[in-house]
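Data first, discussion second: the structure below is written as structure tokens.
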Amino acid sequence: MALFDNRKVAGIMADRGLSDLSEETESQVEAILSELDSKKLLRDSDTANFTDRSNQEKVGFLRAIMEQNWILISQNEKLLKALEKKQQE
């Protein structure tokens, strides 16, 4: 139920190492990306124009946190897959 182009979603997810997620996690990530895109907060967004420096800095910090979250999602997904594999042995 993505609100924007599926190729864009796939590209963003691949750039962040999120192309091999479970179906449930992938739908959650897509929902997050759709929300961020609707608010023009994705890094690729050309329309986010902040004239106030403090707003630019806040958005920069929020984007950094968002990028850290993508890393954590990817790492957690790898851990879950490793645990599932270990359980099956």
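How many of the residues making up the range 21-47 are assigned to a loop (DSSP other than H, G, I, E, B), of a type outside the set (S, T, N, Q), modelled with pLDDT under 85 and in contact with a helix residue (DSSP H, G or I) (Cβ under 8 Å, 6 or more places away or on another chain)? Don't jump to the end; show me each part of the working.
Of all residues in the range 21-47, those assigned to a loop (DSSP other than H, G, I, E, B) come to 21-22, 39-47.
Okay, now just the ones that are also of a type outside the set (S, T, N, Q), so 21, 39-44, 46.
Then drop every residue that is not modelled with pLDDT under 85, which leaves 39-44, 46.
Within this subset, residues satisfying the condition of being in contact with a helix residue (DSSP H, G or I) (Cβ under 8 Å, 6 or more places away or on another chain) are 41-44.
Here the count works out to 4.
On the basis of being modelled with pLDDT of 85 or more, over 19 Å from Ala10 (Cα atoms) and assigned to a helix (DSSP H, G or I), does Leu79 make the cut?
Details: modelled with pLDDT of 85 or more: yes; over 19 Å from Ala10 (Cα atoms): yes; assigned to a helix (DSSP H, G or I): yes.
So Leu79 fits the description; yes.
Return the pairs, sorted by first residue and then second, in which the second residue is of a type in the set (A, V, I, L, M) and assigned to a helix (DSSP H, G or I), the first residue lies in the range 24-42 and is touching a residue at least 40 places away in the same chain (Cβ under 8 Å) and within 12 Å of Met13 (Cα to Cα), the beta carbons are less than 7 Å apart, and the residues are 6+ apart or on different chains.
Thr25/Ile73; Val29/Met13; Val29/Ile73
The values are calculated or read from the model by the stated rules, or taken from the named source; none is laboratory data. Treat the numbers as computed from the prediction; the structure is a model and nothing was measured. Using ideal geometry, Cβ is built from the backbone for each residue, glycine included, and neighbour counts are taken over all protein chains shown.
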